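For reference, the structure discussed in these notes is given below.
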Amino acid sequence: MQNVSHLLRTRRFVPLFVTQFLGAFNDNLFRTAMVMLVIYGIYRSEAQEAAFSALAGGLFILPFFLLSALSGQLADAIDKTRIIRAVKTAEIGIMVFGAAGLLLLNVPLMLVALTAMGIHSTFFGPIKYAILPQHLENDEVLGGTGLVEAGTYIAILGGTILGGLLVVQDPDGRYHAEYAAAAVLLVAVAGRIAGQFVPPAPPSTEDSGTLNDPDLPRPGLDWHILRASIRLVKATMHVPRLFVAIMAISFFWAMGAVLAAQFPPLVKNVFGGDQSVATLFLAIFSVGVATGSLIINRLLNGKVSARFAPISALLMGLCVLALYLLSRTWTPFPDLVGIKAFLAEPSGWPVVASLFGVATFGGMFVVPLYAFLTTSVPKSETARTVAANNIVNSGAMVGATVLLFGMVQLGVSVQETLLLVAAGTLVSAWLGRKLHQACVAAGYP
């Protein structure tokens, strides 16, 4: 932290950090309130609950797959700050629908708002990474990326906790979420105010010399979504170092999509925890990723490198395997219990430690890869490069959620999906090693 803490006192970083923080906070406040309300207050079937979690995850990610090419082109073509202000204004309107869905216990309306928030995040996503090389020095980019990721997951923690707390159960057993509905509107307004203070980030005309590659995507707007997506991905993935980095990030987030979709059903139907325990799981995961984001910056001392990626992936896999083994030996409670009773069980704290390890090593794995994407291409092409990454990421995540949905329908248990994730970390470790080798060959650390 010592080499990047000064960024938290500068206008070139703080407004973007706060805007991103509030956006992530609101995403998770709404999503957590929605999931808790639906799983604990509306549905009463394990299969329905697991299917809903998978569907909600897929709908949020789908816009990244469809619209990332357009968002990346726009971010490199016009001032990124103008886009930030536009999407934060749109968030207020989206949350009007989301709040209505929460108030009316209307699942389709909540899913519409969730999908719209996915579109909102699609257009903001390339900016939060691509703007950093414009506003920060080269030796600040890894630290700035780590701070953004840490802030994002602290925001996820706050939004997750608040979203769970604001879904209230009455003495008669009914659940309602009017407090959550008010909160998502207030946070959306605060995010728009913060976005107003982000410094200008006009299109860059800088050419990065040796980093320049004739095969990288070029400026220009192509409104044909499918064609633009294919061209963008093809041009970016043609560069070997970017291909390996994007594949590694995509595989990581595919596994993350499976874990995130299964947390609430895992807590309720395997560990016998109530919504407070589900909130605890999501909170621990958020703190872990934030911790890993800061640890890796310290280990790398601000230098962008993938040398710790393989071991981080392997350690993450071991923690997932430990979580699987603990879930297999867990004896569920006759009724749903809160945090105190859950942690009083002999395996309660080992479950928490395993989950924290999964998240911490995950953060250590993925943060340097994002920093690599934004520093190994010209500044005029960073947003499109991140957008290409988002397309492949979202395709992997949608594919993972579709696979998860299908496995649930075929009777695959929540615990067995953990085994799938544990096995997947071996592929992540292999990709991390390939990226490190590609970086060394290209002259990076």
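The values are calculated or read from the model by the stated rules, or taken from the named source; none is laboratory data. The model shown is predicted, which means the values in this text are computed figures rather than measured ones. Backbone-built Cβ (ideal geometry, glycine too); neighbour counts: all protein chains shown. The area values use the complete protein model at the heavy-atom level, side chains included, leaving out ligands, DNA and RNA. Shrake-Rupley method; radii C 1.70, N 1.55, O 1.52, S 1.80 Å.
Among residues belonging to segment 205-234 that are of a type in the set (A, V, I, L, M), under 26 Å from His436 (Cα atoms) and at pLDDT 75 or above, point out the one that is surrounded by the most Cβ atoms within 10 Å (Cβ to Cβ).
Among them, the one singled out is Leu232.
Please enumerate the residues belonging to segment 378-415 that are open to solvent by less than 10 Å² (accessible area, probe 1.4 Å) and more than 24 Å from Trp430 (Cβ to Cβ).
The answer is Pro378, Glu381, Thr382, Ala383, Arg384, Ala387.
Search segment 92-108 for residues being in a helix (DSSP H, G or I) and either within 17 Å of Thr32 (Cβ to Cβ) or touching a strand residue (DSSP E or B) at 6+ places or on another chain (Cβ under 8 Å) (or both), and hand back the single one that is most open to solvent (accessible area, probe 1.4 Å). Can you show your working first?
Applying the first criterion (in a helix (DSSP H, G or I)) to segment 92-108 yields 92-104, 107-108.
Now restrict to residues that are either within 17 Å of Thr32 (Cβ to Cβ) or touching a strand residue (DSSP E or B) at 6+ places or on another chain (Cβ under 8 Å) (or both): 94-95, 98-99, 101-103, 107.
Details: Ile94: 24, Met95: 0, Gly98: 0, Ala99: 6, Gly101: 0, Leu102: 1, Leu103: 103, Val107: 21 Å².
Only one residue tops the list, namely Leu103.
Identify the residue in segment 346-377 that is of a type in the set (Ser, Thr, Tyr) and modelled with pLDDT of 80 or more and, among all such residues, is surrounded by the fewest Cβ atoms within 10 Å (Cβ to Cβ).
Ser347
For segment 148-167, which positions are part of a helix (DSSP H, G or I), open to solvent by 10 Å² or more (accessible area, probe 1.4 Å), among the hydrophobic types (A, V, I, L, M, F, W, C) and touching a helix residue (DSSP H, G or I) at 6+ places or on another chain (Cβ under 7 Å)?
Ile154, Ile156, Leu157, Ile161, Leu162
Taking the stated definitions as given, is Ile127 modelled with pLDDT of 90 or more and open to solvent by less than 20 Å² (accessible area, probe 1.4 Å)? Give the steps one after another, and end with the answer.
Working: modelled with pLDDT of 90 or more: no; open to solvent by less than 20 Å² (accessible area, probe 1.4 Å): yes.
No, not satisfied.
When you go through (1) touching a Ser or Thr at 6+ places or on another chain (Cβ under 8 Å); (2) basic (Lys, Arg); (3) open to solvent by 30 Å² or more (accessible area, probe 1.4 Å) one by one for Arg328, which number turns out not to apply?
Going through the list (1) touching a Ser or Thr at 6+ places or on another chain (Cβ under 8 Å); (2) basic (Lys, Arg); (3) open to solvent by 30 Å² or more (accessible area, probe 1.4 Å), Arg328 breaks only (1).
For segment 61-81, does any single residue satisfy the condition of being open to solvent by less than 20 Å² (accessible area, probe 1.4 Å), in contact (Cβ under 8 Å) with a residue 12 or more places away in the chain and among the aromatic types (Phe, Trp, Tyr)?
no
Considering only residues that are of a type in the set (S, T, N, Q) and open to solvent by less than 10 Å² (accessible area, probe 1.4 Å), look in segment 275-296 and name the one that is nearest to Leu343 (Cα to Cα).
From segment 275-296, those of a type in the set (S, T, N, Q) are 275-276, 279, 286, 291, 293; that's our starting set.
Checking which are open to solvent by less than 10 Å² (accessible area, probe 1.4 Å) leaves us with 286, 293.
Working: Ser286: 19, Ser293: 27 Å.
Checked segment 275-296; the qualifying residue nearest to Leu343 (Cα to Cα) is Ser286.
Among the residues that make up segment 289-302, is at least one of them of a type in the set (Val, Ile, Thr), in a loop (DSSP other than H, G, I, E, B) and modelled with pLDDT of 80 or more? Quick ask: steps written out before the conclusion?
Of segment 289-302, the ones of a type in the set (Val, Ile, Thr) are 289, 291, 295-296.
This time we only want the ones that are in a loop (DSSP other than H, G, I, E, B), so: none.
No, because not a single residue in segment 289-302 is of a type in the set (Val, Ile, Thr), in a loop (DSSP other than H, G, I, E, B) and modelled with pLDDT of 80 or more.
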